[in-house]
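A.B. asks: Take this structure, written in structure tokens, and hold onto it; I'll ask about it next.
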Amino acid sequence: MINNTLKFFKRSNITYVAVSLTLVFSFAFDLSISLGVAAGVLYVIPVLLTLNLKSKNTTYIVASLGVVLTIIGFVASPSGGDIWKVLINRILAIFSIVSAGIVIVLVKKKNAELVEQTKLAQDSEKIAIKSNQAKSDFLSSMSHEVRTP
């Protein structure tokens, strides 16, 4: 039990570090290139990495941060490219970030439901095993009573 808990925390910490680093490197890349490139799409990566974490709130926060950084990147990046292409690229990047966040949250919700159903099935199995044992004990004692006058 303790080993599983430690493994979970280690995996979670590594994921948090990976999410943070990808946000920072994506932002640095976004600010270093001209606006004509759709650098905002890079913010989908940290959102996808939150699949490894249990909290849906983390996914919401990272997706929101990706949207904000995409907008900041639009404002702060060096100029270049046609403005309509730049705006479309940024809008598509925001759409991609939000879409990935929604999918991740839905997958997490479905996983939580599966865990709950598995837990219920395991509890039902334990009850069935105990009931079967009680039935066997009862039949065994009744068989003994029937054979013994």
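The values are calculated or read from the model by the stated rules, or taken from the named source; none is laboratory data. Worth saying up front: this structure is predicted, and the values here are computed from it rather than measured. As a convention, Cβ positions derive from the backbone with ideal geometry for all residues, glycine included, and neighbour counts pool all protein chains shown.
A.B. asks: Of the numbered conditions (1) at pLDDT below 90; (2) over 24 Å from Leu23 (Cβ atoms), Ile129 fails exactly one; give the number of that condition.
C.D. replies: (1) is the only condition that Ile129 fails.
A.B. asks: While we're looking at this one, here's another question. Among residues belonging to region 95-142 that are closer than 20 Å to Ile72 by Cβ and among the aliphatic types (A, V, I, L, M), point out the one that is surrounded by the fewest Cβ atoms within 10 Å (Cβ to Cβ).
C.D. replies: Ranking the candidates gives Val98 first.
A.B. asks: Out of Leu23, Leu92, which single residue is of a type in the set (A, V, I, L, M), modelled with pLDDT of 85 or more and crowded, with 17+ Cβ neighbours inside 10 Å?
C.D. replies: None of the others qualify; the one that does is Leu23.
A.B. asks: Out of curiosity, is Leu31 at pLDDT 80 or above, touching a helix residue (DSSP H, G or I) at 6+ places or on another chain (Cβ under 9 Å), in a helix (DSSP H, G or I) and within 18 Å of Leu69 (Cα to Cα)?
C.D. replies: No, not satisfied.
A.B. asks: Looking for whichever is under 19 Å from Leu31 (Cβ atoms), assigned to a helix (DSSP H, G or I), modelled with pLDDT of 90 or more and not hydroxyl-bearing (Ser, Thr, Tyr) here; the options are Val98, Val68, Val86, Val103. Which one fits?
C.D. replies: None of the others qualify; the one that does is Val68.
A.B. asks: Quick check on region 59-88: of everything there that is of a type outside the set (A, V, I, L, M) and crowded, with 20+ Cβ neighbours inside 10 Å, which residue is farthest from the chain's Cα centre (by Cα)?
C.D. replies: Ser77
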